[in-house]
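See structure below.
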Amino acid sequence: MFHVYVLQSEKDKTLYIGMTEDISKRLSGHNRGKTKSTKARVPYKLIYSEIYQTKTDALRRERQIKKSGKVRSELKAGIYSGPIV
């Protein structure tokens, strides 16, 4: 199982979108500063996730979310009601 997830920095409210097989371990890594691109904005909270059977599907969805300004805006506002697989 692969998770596409969205984290929000509690420090400055920026979003981080990623994909992983172990969402708990990944969130812990972000919050311990183990990820170079997010360490300056810790702590993070998980605000959204979707589950996919294949890595290909998860990567495709991650790219869609990253490219969609509307989805990002709705996620940030807490009103996104899109697909949860």
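The values are calculated or read from the model by the stated rules, or taken from the named source; none is laboratory data. Bear in mind the structure is a predicted one, so any value in this text is a computation, not a measurement. Neighbour counts run over all protein chains shown; Cβ positions are idealised from the backbone, glycine included.
Tell me whether region 69-83 contains one or more residues that are at pLDDT 95 or above and under 13 Å from the mean Cα position of the chain (by Cα). Walk me through how you get there before you give the answer.
Kept after step one, since they are at pLDDT 95 or above, are these residues of region 69-83: none.
No; the residues of region 69-83 include none that is at pLDDT 95 or above and under 13 Å from the mean Cα position of the chain (by Cα).
So which residues in region 10-24 are touching a residue at least 24 places away in the same chain (Cβ under 8 Å) and under 24 Å from Y52 (Cβ atoms), if there are any at all?
Filtering region 10-24 down to residues touching a residue at least 24 places away in the same chain (Cβ under 8 Å) leaves 10-19, 23.
Of everything in region 10-24, those that are touching a residue at least 24 places away in the same chain (Cβ under 8 Å) and under 24 Å from Y52 (Cβ atoms) turn out to be L15, Y16, I17, G18, M19, I23.
For region 1-41, give me each residue that is touching a helix residue (DSSP H, G or I) at 6+ places or on another chain (Cβ under 8 Å) and assigned to a loop (DSSP other than H, G, I, E, B).
Residues satisfying the conditions are K11, D12, K13, T14, G33, T35, T38.
Name every residue in region 6-31 that is of a type in the set (G, A, S) and buried (at least 18 other Cβ atoms within 10 Å of the Cβ), in order of residue number.
Filtering region 6-31 down to residues of a type in the set (G, A, S) leaves 9, 18, 24, 28-29.
Across region 6-31, the qualifying residue is only G18.
What's the total number of residues in region 10-41 that are among the hydrophobic types (A, V, I, L, M, F, W, C) and over 10 Å from the mean Cα position of the chain (by Cα)?
At the first step, the residues of region 10-41 found to be among the hydrophobic types (A, V, I, L, M, F, W, C) are 15, 17, 19, 23, 27, 40.
Next cut, over 10 Å from the mean Cα position of the chain (by Cα) only: 40.
Within region 10-41, residues that are among the hydrophobic types (A, V, I, L, M, F, W, C) and over 10 Å from the mean Cα position of the chain (by Cα) number 1.
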